[in-house]
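Here is the structure we will look at.
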Amino acid sequence: MAAIPPVCDFDLLAPDFALLGTDGKTYAFSDVAGENGTLVMFICNHCPYVLAVLDRIIRDAKDLQALGVGVVAISSNDAGAYPQDGPDKMADMAAEMHFPFPYLHDESQDVAHAYGAVCTPDFFGYNADGKLQYRGRLDASRKEAGPCDLRRDLYEAMKQIAETGLGPRDQIPSMGCSIKWRM
């Protein structure tokens, strides 16, 4: 079932975390923060919404990193019920797709709850002070990738945040599969 996150809660501070990455290292928010902002993405391995645009997520991550924006991806799905979203499969995907960002496993789902994440993909864009400035979509793609010339909403918003510290006031929420919560 598709889920749509709420609108941006401007200036909300980024919750900290300590999560194990597919590279075997533990990361905190401060480890992934960029000097001009930070993008925290909730994704997973099996979601068709994520898979449809994964190449664009990787492209935008690289382009944002070049602007001094830190990028991290977190999978919070219940790996017991969805083994393809577990650490081993996450590591396989990160290696196969050459993720330019850490891919972290939120086994307890506490981080997803702290952020208020509701779907995959769910994007949280923070300024250099760790204050939320973007909670919107990657682009106008849905379950299938849209045309290559779609406006890059996430990239443009994060570029603005990197340059000014402030996100756009008009934001269109992301849409994706609901996070698979443990019962």
* Structure fact -> Cβ-Cβ cut-off under 9 Å around ASP63, Lys and Arg +1, Asp and Glu -1: the net charge is +3
* How many percent of the accessible area of the chain is carbon or sulfur, using a 1.4 Å probe? -> 53 percent
* Structure fact -> Rounded to whole angstroms and listed largest first, the alpha-carbon spread of the range 35-117 along its three principal axes comes to 38, 28, 20
* Structure fact -> Checked against the positive end of the charge dipole of the chain (+1 on Cβ of Lys and Arg, -1 on Cβ of Asp and Glu, about the Cα centre), the farthest of GLY21, ALA79, PRO168 is PRO168
* **Probe 1.4 Å, protein heavy atoms only - accessible area per residue of the chain in square angstrom** => 46 Å²
* Can you give the three extents of the C-alpha atoms in the range 72-138 along their principal axes, from longest to shortest, in whole Å? -> 33, 25, 19
* Loop trypsin sites (Lys or Arg not before Pro), the range 1-71 (other Cβ atoms within 10 Å of the site Cβ: 14 or fewer; DSSP) -> LYS25
* Over the chain, what is the mean sequence separation of C-alpha contacts under 8 Å (at least six apart), divided by residue count, expressed as relative contact order in percent? -> 34 percent
* Value of D in µm² per second that Stokes-Einstein yields for the range 26-183, Kirkwood Rh from Cα pairs, at 37 °C (0.692 mPa s) -> 213 µm²/s
* To do: Obtain the nm distance between the two label points defined at ILE4 and ASP16 by a simple spin-label model: each point lies 7 Å from its Cα along the Cα-to-C-beta direction.
  => 3.6 nm
* Starting from the Cα gyration tensor of the range 119-176, multiply each eigenvalue by 5, take the square root, and state the resulting semi-axes largest first in whole Å. => 21, 12, 8
* Given charges of +1 on the Cβ of Lys and Arg and -1 on the Cβ of Asp and Glu, with all other atoms neutral, how large is the dipole of the range 1-132 about its Cα centre, in debye to the nearest 20? -> 260 debye
* Report the one residue of PRO48, PHE124, THR38 whose Cα lies farthest in the direction of the positive end of the charge dipole of the chain (charges on C-beta: Lys and Arg +1, Asp and Glu -1; origin at the Cα centre). => PRO48
* Using helices alone, what [θ] at 222 nm do you get for the chain, with -39,500 (n - 2.57) per DSSP H run of 4 or more residues, divided over all residues and rounded to the nearest 500? -> -8000 deg cm²/dmol
* Asked: Dipole size in debye (nearest 20) for the range 69-183 around its Cα centre, Lys and Arg Cβ +1, Asp and Glu Cβ -1?
  -> 360 debye
* Asked: Dipole magnitude of the range 84-140 about its Cα centre, charges +1 at Lys/Arg Cβ and -1 at Asp/Glu Cβ only, in debye to the nearest 20?
  -> 320 debye
* Under the definition of Cα pairs under 8 Å and six or more residues apart, what whole-number percent is the relative contact order of the range 111-174? -> 34 percent
* **Filter on LYS62/LYS131; LYS25/LYS159; LYS25/LYS62; LYS159/LYS180 - keep pairs with C-alpha separation over 26 Å** => LYS25/LYS159; LYS159/LYS180
* Using only alpha carbon pairs under 8 Å that are at least six residues apart, calculate the relative contact order of the range 1-96 and give it in whole percent. => 28 percent
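The values are calculated or read from the model by the stated rules, or taken from the named source; none is laboratory data. What you are looking at is a predicted structure, and each value in this text was computed from that prediction instead of being measured. Every residue, glycine among them, receives a Cβ derived from its backbone with ideal geometry; neighbour counts consider all protein chains shown. These area figures cover heavy atoms from the full protein model, side chains too; ligands, DNA and RNA do not enter into them. Shrake-Rupley method; radii C 1.70, N 1.55, O 1.52, S 1.80 Å.
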